[in-house]
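Read-outs throughout are calculated quantities, based only on the coordinates presented, and are distinct from any laboratory measurement. Predicted model only: the values in this text are computed from it and were never measured. Glycine also receives a Cβ, built like all others from the backbone with ideal geometry; neighbour counts cover every protein chain displayed.
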Amino acid sequence: MLSVTELRKGAVFVEQGKPYAVVEYQHIKVGRGSATIKVKARDLKSGSVLEKTFISGATVEEGEVERRKAQYLYSDEKNLNFMDPNSFEQFPISKSIGGGGEKFLKEGTEVFLQVFQGEPINVELPLKVNLKVTEAPPGEKGDTKQGGSKEAMVETGYRLRVPMFVSVGETIQINTETGEYAGRSS
């Protein structure tokens, strides 16, 4: 069991048999009364968000989530297909579990899978990925005066705004949390 005062952002607990990851944590102390803990948590299976208030001193069941390294292979209509780099075992994961992350995945990308009771429940992408620009309008002389941007497409089909100096064939870094341009790849 885990005391609710030990919950922090990213902590995993089990409520009614479902694993939840803490998204927001707030400790509220009121005058003479006992403290309350407000938690906003995401259901790791369905993705829905739960807001719960606990009384200080309450406990929750600690969620044992295992992190496993995996390598992205390809995607089909319903699944993202990964391989365990140690055993070379291949396994599909529903795109709904992937959380839309397939737009940042190219063949060979290493990720971590969160596994709860032997079942993958989440795909942890690297913070930044390097992808090659496949489509971008040419930048014209004088375009960078205002620090403008243009739309470009990368090798996975994802479209994003990039600075005017980025051209087709360049490899750029993309922040997977925001989906925005993060710089040139070194």
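Quick one: how many lysine pairs in segment 35-131 have C-alpha atoms under 21 angstrom apart, if they're 8 or more apart or on different chains? Total qualifying Lys-Lys pairs in segment 35-131 comes to 18. Note on segment 16-55: percent of Cα-Cα distances in each 5 Å bin, starting at 0 and stopping at the bin with the largest distance, equals 6, 23, 27, 18, 12, 7, 5, 1.
Fewest-first ordering of Tyr158, Tyr74 by other beta carbons within 10 Å of each residue's beta carbon gives Tyr74, Tyr158. Rounded to the nearest Å, what's the spacing between the alpha carbon centres of segment 74-107 and segment 1-43? Just the number, please. If we compute the Cα centre of each part, the gap is 31 Å.
Take peptides 23-29, 174-180, 66-72, 83-89 and line them up by average Cβ neighbours within 10 Å, highest first, as a rough protection proxy.
On the way: 23-29: 12.3, 174-180: 14.4, 66-72: 16.3, 83-89: 10.7.
For the peptides 23-29, 174-180, 66-72, 83-89, the packing ranking is 66-72, 174-180, 23-29, 83-89.
Each principal axis of the Cα atoms in segment 128-184 has its own extent, and those three values, largest first, are 30, 19, 15 angstrom. Model label sites at Val23 and Lys128, defined 7 Å from Cα along the beta-carbon direction, differ in position by 2.7 nm.
Could you calculate the FRET efficiency of Arg184 with Arg68 from 1/(1 + (r/R0)^6), where r is the beta carbon distance between them and R0 is 35 Å, rounded to 0.05? Write out the running numbers ahead of the final one.
Numbers: r = 32 Å, r/R0 = 0.90.
The formula returns an efficiency of 0.65 here.
Count Lys and Arg as plus one, Asp and Glu as minus one, and take only other residues whose Cβ is under 14 Å from that of Phe116; the net charge is then -3.
Please work out the FRET efficiency for the pair Asn175 and Thr5, using the Cβ-Cβ distance as r and a Förster radius of 41 Å; give the result to the nearest 0.05. Here the calculated transfer efficiency is 0.80.
Using helices alone, what [θ] at 222 nm do you get for the chain, with -39,500 (n - 2.57) per DSSP H run of 4 or more residues, divided over all residues and rounded to the nearest 500?
Details: 1 runs with 4 residues, N = 186.
Here the helix-only value at 222 nm equals -500 deg cm²/dmol.
If you take the C-alpha gyration tensor of the chain, multiply each eigenvalue by 5 and take the square root, what semi-axes do you get, largest first, in whole Å? Intermediate results must be reported in sequence, preceding the final value.
Numbers: eigenvalues 299, 115, 26 Å².
After diagonalising the Cα gyration tensor, the semi-axes are 39, 24, 11 Å.
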